[in-house]
1. With a point put 7 Å past each Cα toward its Cβ, work out how far Asp49 is from Ala142 in nm, to one decimal.
2. Quick one: Karplus J couplings for the stretch 200-213, per residue in order, coefficients 6.51, -1.76, 1.60, θ = phi - 60°, nearest Hz, x for Gly and Pro?
3. List, in order, the whole-Hz ³J(HN,Hα) value for each residue of the stretch 124-132 obtained from phi through the Karplus relation with A = 6.51, B = -1.76, C = 1.60 and θ = phi - 60°; use x for Gly and Pro.
4. Please give me the summed charge of the neighbours of Ala121: other residues whose Cβ is under 14 Å from its Cβ, Lys and Arg +1, Asp and Glu -1.
5. What pairs in Lys75/Lys132; Lys33/Lys69; Lys75/Lys98 have C-alpha atoms more than 20 Å from each other?
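Just so you know, all these numbers are worked out from the coordinates, no wet-lab data involved. Quick caveat, the model's predicted, so the values are computed rather than measured. Neighbour counts run over all protein chains shown; Cβ positions are idealised from the backbone, glycine included.
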Amino acid sequence: MRAPFRTIASFGVLMAGTVAAPALAQQPAATSKYAECPAGFQASQGDQDAAHGAFLAGKAAYDEADYQKAIDYFKDAYRRECTKHAVLNFIARAYEAKGDKPEAVNALETYVQRAPKADDAEAVKKRIENLKAAIAAQTAAAAAAPPKPAATPDPQPVAGAPAPASGGHSLAPWITVGVGGAALAAGVVLVAVGASNLSSARAGCTIVNGVYTTCSDGRPLSAHQTDSNSASSLATIGGVVAGVGAAAVIGGLVWHFVEPTAAKKAAFVPMFSPSFAGAGVSGSF
């Protein structure tokens, strides 16, 4: 191999801006499998050269924000030279930038399993915790979102039945308050996790103009810098999510109190439609 795989300093720093705010949908579980090296495996010179070329192509694709192509190249490099477990870190970065956090966790956990004594093993474990916290917050927000009702014909009152009165509060403001409350809680969790991780990253270190110059624990300064950037990004995302959630809660409450109301009694009304026949209770909440 012409040159060993090396962690490019700017690569980790670039990731500070690639963490997207949690989407309100649950992400699929990870499915990628990484074959283990046979005992005593030694890549041929041809495979080493091909792996190095694939790695460089993956780095170029990543810099161009073509994250799926970067993943494919990095995986090809790792398949050809499976003793270079550090490539799993780059696979995880590309998945994280793509927005697929479960696959990023899968790649990092595989790295920790196969290189438990690596210098950055503890930093990688922190990244796994951060990603899992973000996934949990995202899942909680998705669970709080109300499901969209299926489009069905509106049941019609039977001729001669008393028509329900109009007016009264609707449920929409309270749905908004509920979704906002879930987002607020998720944002607070992300802020707390980010603040805790940032404190850990700075412990025992001297920082000048945002750059780590010395650290007493012996870990590489780049690892502390990466942890600090990730923690700051997580806290920022949490603040944005919490702010949006708080705004939704306030907006829902204002909506409820300014919405026109009128007295309304529940009525037992026979109903029918092409797909339904029976009776229902008509009323407002």
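1. 4.6 nm
2. 5, 5, 8, 4, x, 10, 9, 10, 10, 6, x, 10, 6, 9
3. My calculation for the stretch 124-132 gives 5, 4, 5, 4, 4, 4, 4, 5, 5 Hz in order.
4. -1
5. Lys75/Lys132
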